[in-house]
Amino acid sequence: GGGLGAGPRRGVCRRAFLDDNHEGGVVDDLRGDWPRAELARNDQASAQVIEAVFSEAGGQRGALSLQVEGTNFQIAVWRALLSIPPGRLASYSQIARALGYPKASRAVGNAVGANPVALLIPCHRVIQQSGALGGYRWGAARKQMAQMWEQLRHEPS
């Protein structure tokens, strides 16, 4: 499947994977979240997002801004995810402890699952404490592929 990115002039607000022409459902979700927004295709802006994710400088997101909305807790979790280096993994419980809420692994999992910008906020880097892959909004196979791609790309030479 491909991907779809959406963003207001201030930054990327949505990045999702598409499966077999399900773009209509993603567009419907965007219209539901921003009913007064004007939706227009912008291949140049999409190319910038793709370059930020897949370029050799991957992980260097300085030129790409995000415009996401969530609860204070969700935003704290998403910021914590941004601190996980490419090619590395962290558990839900490690993130909960780092945020000062050691018993909030389930809440961390819910916040990770609510991530609106696939790959840009790297929810694919979060696994279960046991080492199991855990869930992923866009499917376990995509999560595993994203992890493997980053690990291969960022392993020491």
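The values are calculated or read from the model by the stated rules, or taken from the named source; none is laboratory data. Given the structure is predicted, the values throughout are model-derived calculations rather than measurements. All Cβ positions, even for glycine, are placed from backbone atoms using ideal geometry, and neighbour counts span all protein chains on display. SASA here: full protein model, heavy atoms, side chains in, ligands and nucleic acids out. Shrake-Rupley method; radii C 1.70, N 1.55, O 1.52, S 1.80 Å.
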Alpha-carbon radius of gyration plus Dmax, which is the widest Cα pair, for segment 67-157 in Å: 12.4, 40
For a Förster distance of 41 Å, can you work out the FRET efficiency between the beta-carbons of D43 and R88, rounded to the nearest 0.05? 0.80
For F54, F73, the accessible-area ranking with a 1.4 Å probe, largest leading, is F54, F73
For the residue pair M145 and Q129, what label-to-label distance in nm results when each label sits 7 Å from Cα along the Cα-to-beta-carbon direction? 3.2 nm
Amide H to amide H under 5 Å from S91: which residues, 5+ apart in sequence or cross-chain, H placed 1.01 Å off N in plane? I127
